[in-house]
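Step one of this worksheet: look at the structure below.
The values are calculated or read from the model by the stated rules, or taken from the named source; none is laboratory data. Remember, predicted model here, so these are calculated numbers, not experimental data. Because the Cβ atoms are built from the backbone with ideal geometry, glycine has one as well, and the counts that use them run over all protein chains shown. Heads up: the accessible areas ignore ligands, DNA and RNA and are worked out on the full protein's heavy atoms, side chains in. Shrake-Rupley method; radii C 1.70, N 1.55, O 1.52, S 1.80 Å.
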Amino acid sequence: MDLTEQAYSLSESLLAEPLPRRWGHSLGVAERARSLRPILGEDASLMEAAAVLHDIGYSPSIASTGFHPLDGARFLRGQEGMDERVVRLVAHHSCALLEAEERGLREELATEFELERPELVDALLFCDMTTTPDGGPTTSEARVSEIVGRYGPDTIVGRFIQRAAPDIHAAVKRVEGRLNVAEGVG
């Protein structure tokens, strides 16, 4: 079983039944990752694997800290044959260090998992933050607004996502710019 097949199988086993909406979101994020093949080159399969796995830390069977990037990465680290870059991408997806700070877990996350290359971090953030909770396409502005609305502006997630919004939008613009260059637009 190759990395991508392993990732889909693992994510489905952890999310499909207990969290079907989260599973749908993860499939949508993976679809977005496939759309980035023109700019990812040899890292395309790696990104698709990270995309479908990025939210496994929400699974009740592996959640322990309540912070899904950390829980998911810790679980993946113990999986035979899992690429360490996928583990790092899951650990740090979508400005996770900022949310970890809100939760008092920043040092733990930062020391336990190195950051992956910036262009890969941007790509996964793009995939996650331009995908709705149900797996459809959206803008990063609409996604941030949806998250604030769902969690509330004064919750840990609400505060974090509002702080992260400028970084999220900037990363999305960088990825869109790379796609435009690769596709010969602009």
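A few points about this structure:
- Scope region 10-34; condition in a helix (DSSP H, G or I), open to solvent by 60 Å² or more (accessible area, probe 1.4 Å) and free of Cβ contacts under 8 Å to residues at least 24 places away in the same chain; matching residues: Glu12, Ser13, Pro20, Arg34
- Across region 1-33, the qualifying residues are those that are charged (D, E, K, R) and farther than 18 Å from Asp134 by Cβ, and the one among them that is farthest from the chain's Cα centre (by Cα) is Asp2.
- For region 140-186, the candidate set comprises residues that are more than 16 Å from Ser35 (Cα to Cα), without any contact (Cβ under 8 Å) to a residue 60 or more places away in the chain and among the basic types (Lys, Arg); within that set, the residue that is surrounded by the most Cβ atoms within 10 Å (Cβ to Cβ) is Arg143.
- Contact map, region 64-88: first residue outside any helix (DSSP H, G or I), second residue of a type in the set (Val, Ile, Thr), Cβ cut-off under 9 Å, separation 6 or more or different chains; pairs are Gln79/Val87.
- Subset of region 106-135 [among the aliphatic types (A, V, I, L, M), within 22 Å of Arg77 (Cα to Cα) and open to solvent by less than 30 Å² (accessible area, probe 1.4 Å)]: Leu109, Leu120, Ala123, Leu124, Leu125
- Any pair with Cβ under 8 angstrom, 6 or more apart, that starts in region 124-139 at a residue that is under 9 Å from Gly28 (Cβ atoms) and assigned to a strand (DSSP E or B) and ends at one that is aliphatic (A, V, I, L, M) and open to solvent by less than 20 Å² (accessible area, probe 1.4 Å): Thr131/Val29
- Filtered residues of region 35-92 (kept if open to solvent by 10 Å² or more (accessible area, probe 1.4 Å), acidic (Asp, Glu) and under 12 Å from Ala7 (Cα atoms)): Glu48, Glu80, Asp83
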